[in-house]
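Here's the structure we're looking at; comments come further down.
Every number here is computed from the coordinates shown, using simple stated rules; none is lab data. Every value quoted in this text rests on a predicted model; they were computed, and no experiment measured them. Positions of Cβ are backbone-derived with ideal geometry, glycine not excepted, and every protein chain shown enters the neighbour counts.
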Amino acid sequence: MVRVVTDSTCDIPAGLARELGITVVPLYLRLGEQTYRDGVDIDIETLHRELSRGGELPQTSSPSPGDFVGVYQELSEQSNEIISIHLSPGYSGTCNSARLAQGYLKDKCRVEVIDSGLVSAGMGLIVIAAAQAAREGKNLNEIVSMMHSTIPRTYLFGKIGSLAHVIRGRRLRLTGWLIFSGKIAMKMHIKLVGELYGGGRIRRASLIPGELRTLKKLVRWAEDLSPIKEIAIAHSLNPAEAEMLIHNLEGVASKEQIMVTQLGCVTTTYGGAGTLAMAVMQRE
């Protein structure tokens, strides 16, 4: 059976990853003098306590090629086919690390590295689709082909919890207008909402006051993509807002089509507490 590898910015619930046989390689966070593995040595509540103290954002770094070589070697004892799906290089060097590691296994195991083009819940839906296909017995060529059709049908929208984190973290490519108007909006508790694409770009950006208006905007974007196969909602310490979004999505998708998860430490670092992401996968 094809083995599926991803990284911790997929924000897939740990229990679901275990159930589907997905191997998650953690990114790293550095707080002060201490380095942690995302989702392994540090959890979101601990990170939030650190961030609420008002210090510098944690420094984040990609897994090394050696990290991936170790994972691929272990999995090569179970299968001769591995698909490794990662966040866009526009956000991180993780995909490049995986590609460097890929060459070390060429005589022992075939590894295909896929750039999901997305992050968080968007990448999570893509990885889950690959794992489900592997469990159904599809071979590596079939899964790679499926990825080429699945990725263009998967969209990621979100509400930024803290524009200050986005500006300091420099992972999203904001226009000068958004930075200027966003700084004013922060003082008025107005949130930035938009679609993330192309490895850190944002389009259809809006500055919206109020939680209900924000949710309605997300719902309208989901409606525009109907018919929908699946939706994933990822939140950062705001589960009540995620539940409200599910309620507002009635008529667009059933509860069985919606997965709710929590943003990990790396994704929260760059979006801030209160971030809400919604990924939508269209039907073929």
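Structure data summary
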quantity	calculated
Computed over segment 3-152: relative contact order in percent, which uses C-alpha pairs under 8 Å that are six or more apart	27
Extent along principal axes [Cα atoms of the chain; Å; largest to smallest]	58, 48, 32
Estimated distance in nm for a label pair at Glu256 and Glu77, the labels positioned 7 Å out from Cα along Cα-to-Cβ	4.0
Hz values of 3J(HN,Hα) by residue in segment 123-132 - Karplus curve (6.51, -1.76, 1.60), Gly and Pro given as x	5, x, 4, 5, 5, 4, 4, 5, 5, 5
Lysine pair number, Cα distance threshold 14 Å (strictly under), the chain, separation 8 or more or different chains	7
Per-peptide average of other Cβ atoms within 10 Å, ordering 220-227, 86-93, 239-246 highest first	86-93, 239-246, 220-227
Length released on extending from Ser149 to Arg49, taking residue separation times 0.36 nm less the Cα-Cα span	31.9 nm
Label-point separation in nm, Gln282 to Arg18, each point 7 Å along Cα→Cβ	3.7
Contour excess over end-to-end distance, with Cα ends at Glu33 and Ala240 and 0.36 nm allotted per residue	71.1 nm
For Gln262, residues with placed amide H under 5 Å, excluding near neighbours	His235
Expected 222 nm ellipticity per residue - DSSP helices of 4 or more, -39500 (n - 2.57), all of the chain, to 500	-12000 deg cm²/dmol
In degrees, nearest ten, helix 211-224 long axis to first principal axis of the chain (Cα)	50
Rounded to whole Å, sorted largest first: equivalent-ellipsoid semi-axes of segment 3-152, Cα gyration tensor	28, 17, 14
Packing-based order for 266-274, 13-21, using average beta carbon neighbours within 10 Å, highest first	266-274, 13-21
